[in-house]
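Enquirer: Before I ask anything, let me first share the structure, which is written out below as structure tokens.
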Amino acid sequence: MTTPDGRKHLARVDGGSGHSGKRSNEVHIGLGPRVSGPVQVHLSWRDRDGQVREQDLRLAPGRHSLRLGTQAKEA
């Protein structure tokens, strides 16, 4: 994600490992008080078939739930 002042933020999510390993599937990025408008977000993920997918979104500050399949869609 790139904020309007040019700062870049990176976050990763994985499902965990091992027999019963599990990690949260949420990403939280604090934008700080200087960001009041939409930010540019670049997503990269693997779909169920293992194919790498990428998509650019412009998201307003706030909470967003995205469903990742062949495309990223608001859930």
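Enquirer: Glu54 to Arg34: FRET efficiency via 1/(1 + (r/R0)^6), r the Cβ-Cβ distance, R0 25 Å, to the nearest 0.05?
Expert: Numbers: r = 27 Å, r/R0 = 1.10.
Approximately 0.35, to the nearest 0.05.
Enquirer: Compute the Cα gyration tensor for the range 20-75, then decide on rounded, prolate or oblate, letting a ≥ b ≥ c be the square roots of its eigenvalues: rounded whenever a/c is under 1.5, prolate when a/b is larger than b/c in the other cases, and oblate in all that remain.
Expert: On the way: a/c = 2.56, a/b = 1.53, b/c = 1.67.
Note, shape of the range 20-75 comes out oblate.
Enquirer: Where does the charge balance sit around Ser44 when Lys and Arg score +1, Asp and Glu -1, over other residues with C-beta under 15 Å from its C-beta? Could you put the intermediate results ahead of the total?
Expert: Working: positive: Lys8, Arg12, Arg46, Arg53; negative: Asp14, Asp47, Glu54, Asp56.
Charge balance in the 15 Å sphere: 0.
Enquirer: Please report the relative contact order for the chain, taking Cα pairs under 8 Å with a sequence separation of at least 6, and give it as a percent rounded to a whole number. Please list the in-between numbers first.
Expert: On the way: 93 pairs, mean separation 16.9, N = 75.
Value for the chain: 23 percent.
Read the figures in this text as sums done on the coordinates, not as results from a lab. Everything quoted here is computed from the prediction, not taken from an experiment. Don't worry about glycine lacking a Cβ; one is built from the backbone with ideal geometry, like all the others, and counts go over all protein chains shown.
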